[in-house]
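S.K.: Dropping the structure in here first, questions after.
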Amino acid sequence: MAIIDLLYPKHCPVCLRALPPGKTLICPPCEKKVRRVRDPFCMKCGRPIDSELREYCRQCERSEPAFTQNIAWAEYGSFYIRRMLSEVKYHGNRQLLDYPCLDFSEILRPYMACWQPEVLIPVPIHRSRLRERGYNQALEIACRLSTALKIPVDSESLIRSSETAAQKSLGRSGRALNLLSAFSWNSPKTYRSVLLLDDIYTTGATLNACTRVILRAGTKIVYAACLSTGRG
Ligand SMILES: [Zn+2]
Ligand SMILES: [Zn+2]
């Protein structure tokens, strides 16, 4: 038994209990509680939808997202997923991402053969938030997926230049504009294809804003992957 396992036992992302030392990343009964996104899901934004007959959710039917396709791992509506992400975000339990990211990488692998992203780009957080939290959860996800999928991370090019706190007071188009100006491309690099990563997909506004900034800088195709998502 490695000393490191005794000093820092890993915890199950579902029940949060300490796991026995070794390679296990989730308790077997807890693995069954994870509500992974299953068919039918929207072929654009990746959110689960109710009808097999539809290809896209109503939102994507109305206005097509800027990214080519998003894939999500699990449903945010599940209590365990919400608790796990909030533990990661606000209590520093980054290790809880180990199992979700490993499992997600297996779901993403067949897409990678087709999408062929040159880099993984985490949705950036603002410097002030980085200081208070100590890390960016999207970068944590990117690093784990990078190890599993053997695709490098570019966390330097896309930056969050301003904080978007007053979003609620703005209308829908005002919010989109405000969000768009929050991100910028800080690099001479361009890619053929990139995979943008985030922890939660809600309205897609953040991913859309990041995608527009990346495309405007000269990259050709932007795909996305989010660890959790609401329903479409
Ligand atoms: Zn468990
Ligand atoms: Zn959709």
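The values are calculated or read from the model by the stated rules, or taken from the named source; none is laboratory data. Only a predicted model underlies this, so the values are computations on that prediction, with no experimental measurement involved. Neighbour counts run over all protein chains shown; Cβ positions are idealised from the backbone, glycine included. Each accessible area value is taken on the protein alone, full model and side chains, heavy atoms only, with ligands, DNA and RNA left out. Shrake-Rupley method; radii C 1.70, N 1.55, O 1.52, S 1.80 Å.
S.K.: Within segment 12-24, restricting attention to residues that are within 15 Å of V34 (Cβ to Cβ) and open to solvent by 40 Å² or more (accessible area, probe 1.4 Å), which residue is nearest to ligand 1 (Cβ to nearest atom)?
M.R.: Among residues in segment 12-24 that are within 15 Å of V34 (Cβ to Cβ) and open to solvent by 40 Å² or more (accessible area, probe 1.4 Å), the one nearest to ligand 1 (Cβ to nearest atom) is L16.
S.K.: List the pairs whose first member sits in segment 151-169 and is over 18 Å from A217 (Cβ atoms), whose second member is modelled with pLDDT under 95 and among the small types (G, A, S), and whose Cβ atoms are under 8 Å apart, counting only residues at least 6 apart or on separate chains?
M.R.: Cβ pairs passing all conditions: E163/S128; E163/A182; T164/A182.
S.K.: Just to check your reading of the model, which residue among S187, S181 is more than 19 Å from W73 (Cβ to Cβ), among the polar types (S, T, N, Q) and in contact with a helix residue (DSSP H, G or I) (Cβ under 9 Å, 6 or more places away or on another chain)?
M.R.: On inspection, the qualifying residue turns out to be S181.
S.K.: Please go through segment 208-232 and give me each residue that is closer than 16 Å to F183 by Cα and open to solvent by 40 Å² or more (accessible area, probe 1.4 Å), ordered by number.
M.R.: R212, L215, R216
S.K.: If I go through segment 113-140 residue by residue, how many of them are in contact with a helix residue (DSSP H, G or I) (Cβ under 6 Å, 6 or more places away or on another chain) and aliphatic (A, V, I, L, M)?
M.R.: So the count comes out to 2.
S.K.: Same structure again: Out of C42, C30, report the one residue that is closer than 23 Å to P100 by Cα, within 8 Å of ligand 2 (Cβ to nearest atom) and open to solvent by less than 20 Å² (accessible area, probe 1.4 Å). Outline the logic, then answer.
M.R.: Values: C30 fails: within 8 Å of ligand 2 (Cβ to nearest atom).
Testing whether each residue is closer than 23 Å to P100 by Cα, within 8 Å of ligand 2 (Cβ to nearest atom) and open to solvent by less than 20 Å² (accessible area, probe 1.4 Å) leaves just C42.
S.K.: While we're looking at this one, here's another question. Which residue pairs have Cβ atoms under 6 Å apart, sit 6 or more places apart or on different chains, and have a first residue in segment 118-146 that is over 16 Å from I200 (Cβ atoms) and a second that is open to solvent by 50 Å² or more (accessible area, probe 1.4 Å) and assigned to a helix (DSSP H, G or I)?
M.R.: Close Cβ pairs (under 6 Å, with a partner that is open to solvent by 50 Å² or more (accessible area, probe 1.4 Å) and assigned to a helix (DSSP H, G or I)) do not exist here.
S.K.: Tell me yes or no: at least one residue of segment 220-229 is at pLDDT 95 or above and assigned to a loop (DSSP other than H, G, I, E, B). Break it down stepwise before answering.
M.R.: First, the residues of segment 220-229 that are at pLDDT 95 or above: 220-229.
Next cut, assigned to a loop (DSSP other than H, G, I, E, B) only: 220.
Yes, that holds for at least one residue.
S.K.: Quick one: which residue in Y56, Y90 is farther than 19 Å from G232 by Cβ and hydroxyl-bearing (S, T, Y)?
M.R.: Y90
S.K.: Which condition number does Q116 fail, the rest of (1) surrounded by fewer than 19 Cβ atoms within 10 Å (Cβ to Cβ); (2) closer than 19 Å to L16 by Cβ being met?
M.R.: (2)
S.K.: Quick test of your reading of the structure: P48 fulfils all but one of (1) more than 16 Å from ligand 2 (Cβ to nearest atom); (2) modelled with pLDDT of 95 or more. Name the failing condition by number.
M.R.: (1)
S.K.: Something else: Condition first: buried (at least 18 other Cβ atoms within 10 Å of the Cβ) and either among the acidic types (D, E) or touching a Gly at 6+ places or on another chain (Cβ under 8 Å) (or both). Now tell me which residues in segment 68-105 satisfy that.
M.R.: Q69, N70, I71, A72, E75, Y76, E87, D103
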